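Peer 1: Below: one structure in structure tokens.
Any read-out appearing in this document is the output of simple, stated calculations on the displayed coordinates, not a laboratory observation. What you see is a predicted model, and the numbers here were worked out from it, not measured in a lab. Virtual Cβ from ideal backbone geometry, glycine too; neighbours counted across all protein chains shown.
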Amino acid sequence: KLLLDQGHRVRAFYLKIWLEDEVAHLNEWPWEEDLHYAQQVCDQLCVPLETVSLQKEYWDKVVQYTFDEARLGRTPNPDIMCNSRIKFGMFYEYVGKHFQKVATGHYAQVRTMQDGTAELFMSPDPVKDQTYFLCNLRQDQLQRCLFPIGHLQKQEVRRLAEQYQLATEKRKDSQGICFLGKLKFDDFIFHYLGEAPGPIKEYKSE
């Protein structure tokens, strides 16, 4: 709605990355509910919505990375890789290249500096800020980002949703790793890799 008010021509895309085919027996998958809410909001705003399946790409570029890091005894961060390799990576290559900008609902800000480079800045909401999960974005990715709610506090976003009477105005916040639904990360890793007890080491840079 904010982008429409600013005069942008908007087309919405729902990225399907849930791994329900691979681990359906371990979990309940809320992606259908997510898509239902997205469709309701788009219908309210008269914005076309298209579903883009990136499940294979997600498995190849994020899940395999997660397994590789875990096998080496390191702590992977699949959400960081999801943003750099999928949401602002493969999606850019497949779909985003046809648009001037790609907007997401991340709590973060991008500012263009005097030399033309784009820099990532924190959201004013310290609890919801997501710049950490966007830290791997390349310059060419950042320059095409739009974060329309990045300058707002979460409570302000809630008020706007109520003001516009959006279908999501009362919906609870999403939490956890994006592709796991309600499945715990430890259970997911155990299912594929089992257990390998060992010491916990803290890395300190010199």
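Peer 1: Taking the alpha-carbon distance from Lys97 and a cut-off under 19 Å, which aspartates and glutamates remain once sequence neighbours fewer than 8 residues away in the same chain are dropped?
Peer 2: Within the straight-line limit of under 19 Å, Lys97 reaches these aspartates and glutamates: Glu50, Glu57, Asp140.
Peer 1: Among DSSP bridges having both ends in the chain, what percentage is antiparallel? Round to the nearest 5.
Peer 2: Once the DSSP bridges in the chain are tallied, antiparallel ones form about 40 percent.
Peer 1: Give the aspartates and glutamates whose C-alpha is closer than 17 Å to that of Lys154, dropping any in the same chain fewer than 8 places away, or say none.
Peer 2: Asp125, Asp129, Glu162, Glu169, Asp173
Peer 1: Using the alpha carbons of the chain, what is the convex hull volume per residue in cubic angstrom, as a whole number?
Peer 2: Once divided by residue count, the hull of the chain is 152 Å³.
Peer 1: What does the charge dipole of the range 97-174 about its Cα centre add up to, to the nearest 20 debye, if the Cβ of each Lys and Arg holds +1 and the Cβ of each Asp and Glu holds -1?
Peer 2: So the dipole magnitude of the range 97-174 works out to roughly 280 debye.
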